[in-house]
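What follows draws every value from the coordinates through simple rules; no lab data is involved. Quick caveat: nothing in here was measured; it's all calculated off a predicted structure. Don't worry about glycine lacking a Cβ; one is built from the backbone with ideal geometry, like all the others, and counts go over all protein chains shown.
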Amino acid sequence: MAVELPWALVPERWNEGLGTEAAVAAVETARRLGLSEVVALTLRTNTASRRVMDKAGLRLMDEIEHAGLPHLLYRLKLDAPEAP
Ligand SMILES: CC(C)(COP(=O)(O)OP(=O)(O)OC[C@H]1O[C@@H](n2cnc3c(N)ncnc32)[C@H](O)[C@@H]1OP(=O)(O)O)[C@@H](O)C(=O)NCCC(=O)NCCS
């Protein structure tokens, strides 16, 4: 099962690492729950969100339409063995 990870913080707390901390914790929870993959969607222009995805280990897979807009689809497969 794939689960979508969303994230949003109040602007006064941006760029403190909290988004990444939350994303990494969500990935770890998904792994513990035995989910096979997590996905995340963002606009191409959302550099901060794309950076959070990168830092949480998700990788760009595709460009898809979502809510009537082109979005980037990132994915992390969890059923593969973890890198050492
Ligand atoms: C996306 C969001 C959750 C990120 O949270 P955050 O706590 O600011 O993220 P972090 O501090 O962990 O990391 C942000 C990274 O993006 C980078 N970044 C932020 N704004 C940037 C910009 N305009 N251009 C380039 N890089 C940018 C930061 O430098 C940091 O990368 P680094 O660690 O390599 O320096 C936050 O910006 C937010 O709530 N945005 C509004 C809601 C939203 O867009 N949610 C995502 C919907 S898909």
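Restricting attention to the stretch 28-49, the residues that are farther than 27 Å from G68 by Cα and among the aliphatic types (A, V, I, L, M) total 3. I'm told E65 meets every condition in (1) within 12 Å of the chain's Cα centre (by Cα); (2) more than 12 Å from the ligand (Cβ to nearest atom); (3) not hydrophobic (A, V, I, L, M, F, W, C) except one. Can you identify the failing condition by its number? Checking E65 against (1) within 12 Å of the chain's Cα centre (by Cα); (2) more than 12 Å from the ligand (Cβ to nearest atom); (3) not hydrophobic (A, V, I, L, M, F, W, C), the one that fails is (1). Please enumerate the residues belonging to the stretch 27-53 that are among the small types (G, A, S) and assigned to a strand (DSSP E or B). Matches in the stretch 27-53: A40 only.
Within the stretch 2-45, count every residue that is out of contact with any strand residue (DSSP E or B) (no Cβ under 8 Å at 6 or more places or on another chain), of a type in the set (A, V, I, L, M, F, W, C) and farther than 22 Å from E63 by Cβ. Of the residues in that region, 8 qualify. Filtered by the rule that a residue be closer than 16 Å to M1 by Cβ and more than 9 Å from the ligand (Cβ to nearest atom), the stretch 35-53 gives L35, S36, E37, V38, V39. On the stretch given as the stretch 4-34, residues that are surrounded by 16 or more Cβ atoms within 10 Å (Cβ to Cβ) and more than 10 Å from the ligand (Cβ to nearest atom) total 3.
Among the residues of the stretch 54-66, those that are under 15 Å from L5 (Cβ atoms) and not in a helix (DSSP H, G or I) comprise A56, G57, L58, R59, L60, M61, H66.
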